1. When residues of segment 117-138 are filtered for being in a helix (DSSP H, G or I), more than 19 Å from residue 154 (Cβ to Cβ) and in contact (Cβ under 8 Å) with a residue 60 or more places away in the chain, how many remain?
2. Being out of contact with any helix residue (DSSP H, G or I) (no Cβ under 6 Å at 6 or more places or on another chain), within 20 Å of residue 61 (Cβ to Cβ) and part of a loop (DSSP other than H, G, I, E, B) is the filter here; which residues of segment 158-194 pass it?
3. Name the one entry in 74, 100, 105 that is outside any helix (DSSP H, G or I) and modelled with pLDDT of 95 or more.
4. Residue 163 versus (1) under 14 Å from the mean Cα position of the chain (by Cα); (2) free of Cβ contacts under 8 Å to residues at least 60 places away in the same chain; (3) under 25 Å from residue 200 (Cβ atoms): which is the lone unmet condition?
């Protein structure tokens with residue numbers, strides 16, 4: 001039993017710390033779907049499961065990871081803390097409104113991961129490093145954590161190939177809290193663009 005536990009811990013660490021492949025160069029002006037998650041949010045995985053995941057396509061890997069994240073049965077759920085969730089939402093929105101790093105289309109901050117749909121105005125890695133860096137630093141301050149990793153080093157990205165694909169991405173993000181059984185309707189989940197749009201003041 002002890003050996004299996006050590007192997008699982010090693011496999012999880014290997015997956016979490018393995019250098020991320022070089023980010024794909026996306027066509028300029030293309031909407032981009034991004035997902036990232038908290039460090040330790042994924043459960044321990046045996047070497048066999050790890051190898052199986054490595055063989056999946058990007059989309060298949062996201063679906064596999066998404067099921068584990070939505071179940072939220074392992075690891076921290078720091079994004080469920082209202083103080084942290086509000087800060088992450090504001091940082092994402094400021095990336096568009098204040099810093100003009102991208103055009104923001106949709107987002108959702110789940111208890112242990114984030115989905116974002118944007119059209120970048122510059123290099124993707126640059127604004128992702130900024131968003132993750134700012135939110136990690138502020139979240140650790142809020143939570144009273146010092147010098148500890150907040151986000152996992154890995155993330156998932158996929159560009160929209162056409163208007164139909166774009167619509168699916170919007171729907172995926174909006175419905176994630178519903179699929180995770182956190183709310184009955186997307187607009188009811190407070191930490192997402194669907195809620196912000198539904199509750200925004202209506203101008204005549």
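The values are calculated or read from the model by the stated rules, or taken from the named source; none is laboratory data. As the structure is a computational prediction, the values presented were derived from the model and not from experiment. No Cβ is skipped: glycine too gets one built from the backbone with ideal geometry, and neighbour counts run over all protein chains shown.
1. 0
2. Residue satisfying the conditions is 161 alone.
3. 105
4. Checking residue 163 against (1) under 14 Å from the mean Cα position of the chain (by Cα); (2) free of Cβ contacts under 8 Å to residues at least 60 places away in the same chain; (3) under 25 Å from residue 200 (Cβ atoms), the one that fails is (1).
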